[in-house]
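Q: Got a structure for you, written out below as structure tokens; questions coming shortly.
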Amino acid sequence: MNAPNRSGWKPGTPELPEDIIDTAGTVSGNRGLALEEKLIFEIGTSDTTGVDLPEPSPGAANRLGGLERSEAIGLPGLSEPETVRHYTRLSRQNYAIDCGIFPLGSCTMKHNPRLNEKVARLPGFADIHPLQPQETVQGAVEVMVELADWLITLTGMHSVAMSPKAGAHGELCGILCIRAALEARGDSREVILVPESAHGTNPATAAFAGYRVEDIPATADGRVDLEALTARLGPDVAGVMITNPNTCGLFERDMKAISDAVHEAGGFVYCDGANFNAIVGRVRPGDLGIDAMHINLHKTFSTPHGGGGPGSGPVVLSEALSPYAPLPYAARYADGTLRIVEEEVAAEEHPHAFGRMTAFHGQMGMFTRALAYILSHGADGLRQVSGDAVLNANYVLRSLQDVLDAPFGPSGPCMHEALFSDDSFAKGVSTLDVAKALIDEGFHPMTMYFPLVVHGAMLIEPTECESKAALDQFIASLRSIAERANAGDPSLAQAPLLAPRRRVDETAAARKPRLAWAEPAEAL
Amino acid sequence: MRYLPLTDTDRTAMLGVIGAPSVDALFSDVPEAARLGGPIEGLASHASELAVERHMTRLAAKNLSAGEAPFFLGAGAYRHHIPASVDHLIQRGEFLTAYTPYQPEIAQGTLQTLFEFQSQVARLLGCDVANASMYDGSTASWEAVVMARRITKRGRVLIADGLHPHYVSTITTMARFTRDAIQYAAPRLEAGCGEEALIAAIDGETSCVVVQYPDILGRLPDLAAIAEAAHANGALLVAVVTEPVALGAIRSPGELGADIVVGEGQSLGVGLQFGGPYLGLFATREKFVRQMPGRLCGETVDAAGKRSFVLTLSTREQHIRREKATSNICTNSGLCALAFTIHLTLLGEKGLRALAAENHRLACLAADKLAAIPGVELVNRSFFNEFAVRIEGDARQIVRDLAAKGVLAGVGLGRLYPDQPELAGGLLVAVTETTTEDDINALVAGLQELLA
């Protein structure tokens, strides 16, 4: 029994084979352990609560300046058992790294160690206020300083700005340092060069900081075209933003030469460090002439993605950019004392800061997790991390290149991610179909249609956290789907058939956006 | 190493498939000069779980946590009791270890909670729509300023004196590069919020007026009057809420005429965490939705006609629009948004109102007791759960002295306004449901002793 289609939306796809799914109707709409769950607005009420609080006394004195709320807010409440059940049931409709391989290229979905969760919740870290007197939070400042020391040493850079809240915020921090350094020498350059293969955040960041963005062309082997780049450099170019390893999963062999050329022309080099996990412990970006690079703690250093954040994006800086780093930052003084340097002492200690990017001091909860991860691995373990990540990616690349087109496969090993195109697919089969078919196989799909430089791109990043057995199972599934795609199997267009939802209509969602709950008309 | 599943046998077999002699050989694209031959010198080697836990516990023990002392700090970060089920639920691996929900068929858990979050936030702030979160209240504030410029095509920003100074710095830092003209002056230690001067400064070039509610001193500005004046001049009112629990007691900014309402959601579900990660709230009118920054979750159906949720209107975003995007934000505060929505679901309307009432009751009690101390003067006429008092001398020193006696007394305004000596005597005191009457008495006794 099918649920009635109240929306009036008509699927534009052919009927399903009869033997699939919709034969076992249930009264509840649930199917065994596959549990449907309504919205809190449909199950909660305004006078239910899961928290015991004193009843407000109606006549109590108030100092609210005549602004007391009179109207209902419209917030449903649930008791504690209902709340636990609601969110537990919803959680089961999610795929997650705890369930299996999550090979989103460029996103780096690695295992999130639970020790890190435990230490981040110690009251000495979780229950301290950012504006407590510094004498009462010396251990927290020590975490920041210790993590900063590791990040500086691992990258071979001069300093680190810890406050950026995520990768894109870190990009902004780095670009603003460049801008401040240029302004300090009276230089008003207007252009930032960004390769076409860059993350969308790069051009968006440069534009947000007031720069004009121009593309850097790529060579046929998927790397920055050094000659074309050098030809474009000049007195109007503030800098370049380069991802290394790049989003094709390749190391930019000419990175040092690029940096030298940019510096020669008076510009600065920003490196998008989203892929630092591929080289951590083996290559120091500082040795490649980088001036600024953000580090996604939620990628390289395993802090959980949490379904879309929080991230954390400390930015390591060269000596030339360090004077302009934003406030605040954590410092260790010669006498061993530790302190957060903020506006109170900035005039004496850090007078050229370009400003402040956020309230308070940064993502402390991520710092504790990242530090626990780094200490667990140590310098030797981090080297093994990048080695295994690159080994796993190359294993995927070479195990599938006979059934999928690997545009840069012939040019040598990849780094931490394997890139394929849709070139081998029969007409009518898309990358999206293949991704959705992987869902039916019980895997989260790879990154689709990115980078833009490859047609129908499929970017697979297994990370170092997958065993060979897990990879073999994933490879076998993707191989079988690729063979169907190459042969033009039309049923791929129906996938997924076995997930909590069939293919979701994104076009309808955007056409008439429904972004908040509204009571159904009959209830009003 | 406990997080790495590959064995040496696996590695050898895999290298055989790849056709490479060693793992190091896979790094052949890295120029020899940049390749390190072994682990970086001067750094520690790997450590056991026990050893790392011991180290981190030792560091944590050096801090005086809020639960160990009578605690009165606020100024944009508030200590509330978080029900145990919140932290349990956000630690479910299906939420904790998922990515941004790019594949909606296997991410309905995250997506439905985001839809619930957006709906709760929109209602709480009094707006039509809310996004799926920003980094925090301060970055949400500058995103609001940028959005107001997109809508009004004007570049003059008026900031009320009661905006959190870190938020002011965040906005002015960005304005340096976007070339918006910012008008702002630090507050004075007085009960009035300066609405008249603010209104007088609004003109035909003003893109937006940014007003915090309750403000940094805990005062409650007249948003309705400011909204009216802004609208009369074609400008927008951006309201900033750093204590969302207040909205269980006072009217919402949207109801009072704000066009964009941003906030810090840390109070509900997230915890103090030394300043981050926190949770940026961002809500506005339906007509401005395509100018919003950040992720949006919308309702739709799947191919079988079942209600489903999906990220939508992504043509505003950086991964599609690149340099023409409304913001560069990508990762936001997903898990903090989940904590917020679970906590608010547990409270419900009834619980939120009771929570707000209890905060206000205790704050009134504390304000009266403190104002009775010779040498302490209450600044506020109106407040919710935080207020300012004026004392002789530098309140920072008082705070340090009381911390040494085991009382975390509040925030000395000199910490926030180091270049405003006339504010040095201001002490911000926040009181929540976690504050006991004994705590208040301890603060009173401590202040009495120091001021005697």
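The values are calculated or read from the model by the stated rules, or taken from the named source; none is laboratory data. All of these numbers come straight from a predicted model, not from anything done at the bench. Cβ atoms come from the backbone with ideal geometry, glycine included; neighbour counts cover every protein chain shown.
Q: Can you give me the number of residues within the stretch A:52-68 that are at pLDDT 95 or above, over 21 Å from residue B:220 (Cβ atoms) and either more than 7 Å from chain B (Cβ to nearest Cβ) or surrounded by fewer than 18 Cβ atoms within 10 Å (Cβ to Cβ) (or both)?
A: 2
Q: With (1) closer than 13 Å to residue A:394 by Cα; (2) touching a residue at least 24 places away in the same chain (Cβ under 8 Å) as the list, and residue A:429 as the residue in question, which single condition is left unmet?
A: Looking at each condition in turn, residue A:429 falls short on (1).
Q: Just give me the residues in the stretch B:281-312 being in contact with a Lys or Arg (Cβ under 9 Å, 6 or more places away or on another chain), assigned to a strand (DSSP E or B) and not hydrophobic (A, V, I, L, M, F, W, C), in sequence order.
A: Once the filter is applied, which keeps residues that are in contact with a Lys or Arg (Cβ under 9 Å, 6 or more places away or on another chain), assigned to a strand (DSSP E or B) and not hydrophobic (A, V, I, L, M, F, W, C), the stretch B:281-312 yields B:298, B:299, B:300, B:302, B:307, B:308.
Q: May I pose another question? For the stretch A:141-150, what are the residues that are surrounded by fewer than 22 Cβ atoms within 10 Å (Cβ to Cβ) and either touching a strand residue (DSSP E or B) at 6+ places or on another chain (Cβ under 6 Å) or modelled with pLDDT under 95 (or both)?
A: Listed by number, the residues that qualify are A:142, A:145.
Q: Here is a further query. All but one of (1) under 14 Å from residue A:243 (Cβ atoms); (2) surrounded by fewer than 20 Cβ atoms within 10 Å (Cβ to Cβ) hold for residue A:168; state the number of the condition that does not hold.
A: (2)
Q: Does the stretch A:157-172 contain at least one residue that is at the interface with another protein chain (Cβ under 9 Å from one of its Cβ atoms), among the charged types (D, E, K, R) and without any contact (Cβ under 8 Å) to a residue 12 or more places away in the chain?
A: No, the conditions are met nowhere in the stretch A:157-172.
Q: Looking at this structure, is residue A:309 in contact (Cβ under 8 Å) with a residue 60 or more places away in the chain, buried (at least 24 other Cβ atoms within 10 Å of the Cβ) and at positive phi?
A: It is true that residue A:309 is in contact (Cβ under 8 Å) with a residue 60 or more places away in the chain, buried (at least 24 other Cβ atoms within 10 Å of the Cβ) and at positive phi.
Q: Which strands (runs of 3 or more DSSP E) sit wholly inside the stretch B:145-233 and have at least 3 residues that are polar (S, T, N, Q)?
A: Because the criterion is at least 3 residues that are polar (S, T, N, Q), the strands (runs of 3 or more DSSP E) in the stretch B:145-233 that meet it are B:206-212.
Q: A further question follows. What are the residues in the stretch A:24-38 that are aliphatic (A, V, I, L, M) and within 16 Å of residue A:92 (Cβ to Cβ), if any?
A: A:33, A:34, A:35
Q: Assess whether residue A:280 counts as being among the β-branched types (Val, Ile, Thr), within 13 Å of chain B (Cβ to nearest Cβ), in contact with a helix residue (DSSP H, G or I) (Cβ under 6 Å, 6 or more places away or on another chain) and not in a helix (DSSP H, G or I).
A: Against the criterion (among the β-branched types (Val, Ile, Thr), within 13 Å of chain B (Cβ to nearest Cβ), in contact with a helix residue (DSSP H, G or I) (Cβ under 6 Å, 6 or more places away or on another chain) and not in a helix (DSSP H, G or I)), residue A:280 qualifies.
Q: Among what's in the stretch B:237-257 and is in contact with a Cys (Cβ under 9 Å, 6 or more places away or on another chain) and within 13 Å of chain A (Cβ to nearest Cβ), pick the residue that is surrounded by the most Cβ atoms within 10 Å (Cβ to Cβ).
A: B:253
Q: Any residue in the stretch B:190-198 that is touching a Gly at 6+ places or on another chain (Cβ under 7 Å) and either among the hydrophobic types (A, V, I, L, M, F, W, C) or not assigned by TED's automatic domain parsing to the domain that holds residue B:77 (or both)?
A: yes
Q: Go through the stretch B:76-135 residue by residue and tally those that are assigned to a loop (DSSP other than H, G, I, E, B), more than 8 Å from every other protein chain (Cβ to nearest Cβ) and either surrounded by fewer than 24 Cβ atoms within 10 Å (Cβ to Cβ) or among the β-branched types (Val, Ile, Thr) (or both).
A: 4
Q: Moving to a separate point now. Every residue in the stretch A:69-118 that is crowded, with 20+ Cβ neighbours inside 10 Å, small (Gly, Ala, Ser) and facing chain B (nearest Cβ under 7 Å), please.
A: A:77, A:91, A:96, listed by residue number.
Q: Quick check on the stretch B:205-218. Is at least one of its residues under 21 Å from residue A:357 (Cβ atoms), more than 9 Å from chain A (Cβ to nearest Cβ) and either charged (D, E, K, R) or out of contact with any His (no Cβ under 9 Å at 6 or more places or on another chain) (or both)?
A: Yes, some residue in the stretch B:205-218 is under 21 Å from residue A:357 (Cβ atoms), more than 9 Å from chain A (Cβ to nearest Cβ) and either charged (D, E, K, R) or out of contact with any His (no Cβ under 9 Å at 6 or more places or on another chain) (or both).
Q: Scan B:68, B:32, B:53 and give me the residue that is over 30 Å from residue A:413 (Cβ atoms), of a type in the set (Asp, Glu) and more than 7 Å from every other protein chain (Cβ to nearest Cβ).
A: So the residue among B:68, B:32, B:53 that is over 30 Å from residue A:413 (Cβ atoms), of a type in the set (Asp, Glu) and more than 7 Å from every other protein chain (Cβ to nearest Cβ) is B:68.
Q: Next question, about the same structure. Is it true that some residue in the stretch B:382-394 is assigned to a helix (DSSP H, G or I) and modelled with pLDDT of 95 or more?
A: no
Q: In addition: May I ask you to say which residue of B:43, B:4 is in a loop (DSSP other than H, G, I, E, B), touching an Asp or Glu at 6+ places or on another chain (Cβ under 8 Å), of a type outside the set (Phe, Trp, Tyr) and without any contact (Cβ under 8 Å) to a residue 12 or more places away in the chain?
A: So the residue among B:43, B:4 that is in a loop (DSSP other than H, G, I, E, B), touching an Asp or Glu at 6+ places or on another chain (Cβ under 8 Å), of a type outside the set (Phe, Trp, Tyr) and without any contact (Cβ under 8 Å) to a residue 12 or more places away in the chain is B:4.
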